[in-house]
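Scroll down for the structure; my scribbles are underneath it.
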Amino acid sequence: MSFGNKMYVSALVFCIVISVARCSGNLGFPPGFKLGVATASYQVEGAWNVSDKGESIWDRLLHTQPSLSADGSNGDVACDSYHLWRRDIEMAVELGVDMYRFSISWPRLLPSGFANYVSEDGKRYYNNLIDGLLEKGIEPVVTLYHWDLPQYLQDLGGWANPLIVDWFADYARVAYTLFGDRIKTWLTLNEPLIICDGGYNKLWAPYLDDLKVAAFLCNKNVMMAHAKAYRMYDEEFRPLYQGKVSFPNIFFWFEPETPADAEAAVLTRQMWHDRYAHPVFSQAGGWPPELEKVLLANGKREGYPYPRLPPFTQEEINYVKGTYDFYALNHYTTRLVRRVKPGEAGSWIFYGSEEINVAIVNDPSWTTAVTDWFAINPTGLRKQLHWINSTYGISDILITENGLPTFEKDLLDVNRITYIRSYLEQILLAINDGINVMGYTAWSLMDNFEWLAGYTVKYGLYDVDFTSPNRTRTPRESARYFSNLTKTRTLTDDNIYYLRNVTKNTKALKTLAIMEC
Ligand code: NOJ
């Protein structure tokens, strides 16, 4: 069959599926399902030293070691959202989104890192952004910490120092007090896996090399810090403002390569995800038990006098357990897992074989996007939603990030549209299965500073011209697609948009028209 015929047949099959679903009416998002876009302070704000802003660990890292980022760049100016926030709001309006997720820069609000002094300029900036969004009917969703720790706190030990639990809670109190009257959804710490395992594995700031001990100290401290910020909100601010609090977990979906690898997949999920989920979401609380045993045994074998993963006391277990109002998921991709073969070297990213003897690999049948870490497997998301639901008994899930990276400055970003559509379809199927996915946040509103990949990797619905002084933002086709989606709120019309504007497949459209009920 020629390529053209194949396209036609698959479009036809697609049309049949769509029209059947359309007649049965289950391709619409339920009322109340929210669509949004996300960014983070260091990735978009720029203005790294404007007014009294303090230095962050990312400022320090990339000013002292500029060659660490792929293009030698940093977030000094980034998208210049500090100055261009009005345009950001305008874009959110163009997209028709219900919510905009952004983060507060801790050192912009508290230049010393401590709550002894609150920056008037920081207050003004976030008040403008919040009020500007609300005026347009867009819900601001606020992340308190998206990795830009005040450098001074890092000098005091950062996330490896247990005192950070109080420092973070003090910062959270300032933010809740200043903005809590208008913020109904708070996210405490973005992706603790990246904070600890990335930060202590020379992949993210503070770019330290201490996976053996410091990363595990960090594990306990991030959990305690989240819990303290949650409990403070619950006791002092919820009665006033009735908001909700959680934290976004990054969760690759891990499938066993063969049925014999089922146990390896369980351990991998515990290492990657449950280390940060079990203490909060499980009935029992505390660390995932099998993993805790494995890590304890590894540490003993290596002669450490203490468990490297610091145990929780029963009181701490109870303190952390249940500190969520919903589950926040950052989902991008899937991996296969198997036991390492004898003599096989370590695996991809973080621990792999070193702690848990697993290899994390790609299924060759999955498409990989621009980078080899990015396998596209939308059905993985539906399985994962089921797994979260059944493992932790959680039904309320907010997708706080999902999106596709590209290298090209491509305005006709067909791959991104296809990716978003196919993941949304799986979300819709999960909703139809009975799981309450409350909303979907695309990463990202616009291209931005992608950490050590610099500006080489693009996730934006809007292209940003980083060479222009005013950081011109231009909508990609995916932005048009998304604004169509926020209007129609069904994948049916969304698919018609796709056929008409992206594939321009008129034959398929005619077929669809004939089949309509
Ligand atoms: C997750 C992070 O929260 C965000 O900062 C990052 O840009 C995206 N993933 C894409 O890598």
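Modelled with pLDDT under 95 and crowded, with 21+ Cβ neighbours inside 10 Å, is that true of I18?
yes
Checking T406 against (1) more than 15 Å from the ligand (Cβ to nearest atom); (2) over 24 Å from T143 (Cα atoms); (3) touching a residue at least 24 places away in the same chain (Cβ under 8 Å); (4) out of contact with any Leu (no Cβ under 8 Å at 6 or more places or on another chain), which test does it fail?
Going through (1) more than 15 Å from the ligand (Cβ to nearest atom); (2) over 24 Å from T143 (Cα atoms); (3) touching a residue at least 24 places away in the same chain (Cβ under 8 Å); (4) out of contact with any Leu (no Cβ under 8 Å at 6 or more places or on another chain) one by one, T406 breaks only (1).
Do you know which residues across region 393-424 are aliphatic (A, V, I, L, M), assigned to a helix (DSSP H, G or I) and open to solvent by 10 Å² or more (accessible area, probe 1.4 Å)?
V414
Scan region 281-317 residue by residue and report those that are among the hydroxyl-bearing types (S, T, Y) and farther than 23 Å from N249 by Cβ.
Correct list: Y304, Y306, T313.
Between a first residue in region 33-56 that is over 27 Å from K136 (Cα atoms) and a second residue that is basic (K, R) and crowded, with 24+ Cβ neighbours inside 10 Å, which pairs have beta carbons less than 6 Å apart while being 6 or more apart in sequence or on different chains?
K53/R108
Identify, from the list D274, D261, the residue that is without any contact (Cβ under 8 Å) to a residue 40 or more places away in the chain and not hydrophobic (A, V, I, L, M, F, W, C).
Going through D274, D261 in turn, the sole match is D274.
Could you say which residue among W373, W387 is within 16 Å of the ligand (Cβ to nearest atom), surrounded by fewer than 20 Cβ atoms within 10 Å (Cβ to Cβ), on the phi < 0 side of the Ramachandran plot and of a type in the set (F, W, Y)?
Working: W387 fails: within 16 Å of the ligand (Cβ to nearest atom).
W373 is the lone residue from the list that is within 16 Å of the ligand (Cβ to nearest atom), surrounded by fewer than 20 Cβ atoms within 10 Å (Cβ to Cβ), on the phi < 0 side of the Ramachandran plot and of a type in the set (F, W, Y).
Any chance you could count how many residues in region 470-488 are assigned to a loop (DSSP other than H, G, I, E, B) and either among the hydroxyl-bearing types (S, T, Y) or at pLDDT below 95 (or both)?
1
Any residue at all in region 456-474 that's open to solvent by less than 20 Å² (accessible area, probe 1.4 Å), among the hydrophobic types (A, V, I, L, M, F, W, C) and within 11 Å of the ligand (Cβ to nearest atom)?
Yes, because at least one residue in region 456-474 is open to solvent by less than 20 Å² (accessible area, probe 1.4 Å), among the hydrophobic types (A, V, I, L, M, F, W, C) and within 11 Å of the ligand (Cβ to nearest atom).
Would you be able to tell me the number of residues in region 361-370 that are open to solvent by less than 60 Å² (accessible area, probe 1.4 Å) and either small (G, A, S) or within 25 Å of M438 (Cα to Cα) (or both)?
1
Can you name the number of the only condition in (1) in contact with a Leu (Cβ under 7 Å, 6 or more places away or on another chain); (2) modelled with pLDDT under 95 that S246 fails?
(2)
Which members of region 428-455 meet the condition of being within 11 Å of the ligand (Cβ to nearest atom), in a strand (DSSP E or B) and either aromatic (F, W, Y) or over 22 Å from E191 (Cβ atoms) (or both)?
Passing the criteria: only W443.
Restricting the search to region 197-233, which residues are open to solvent by 30 Å² or more (accessible area, probe 1.4 Å) and among the aromatic types (F, W, Y)?
Passing the criteria: W204, Y207.
The values are calculated or read from the model by the stated rules, or taken from the named source; none is laboratory data. None of the values given here were measured: they were computed from a predicted structure. Positions of Cβ are backbone-derived with ideal geometry, glycine not excepted, and every protein chain shown enters the neighbour counts. Accessible surface areas use protein heavy atoms only, side chains included; no ligands, DNA or RNA. Shrake-Rupley method; radii C 1.70, N 1.55, O 1.52, S 1.80 Å.
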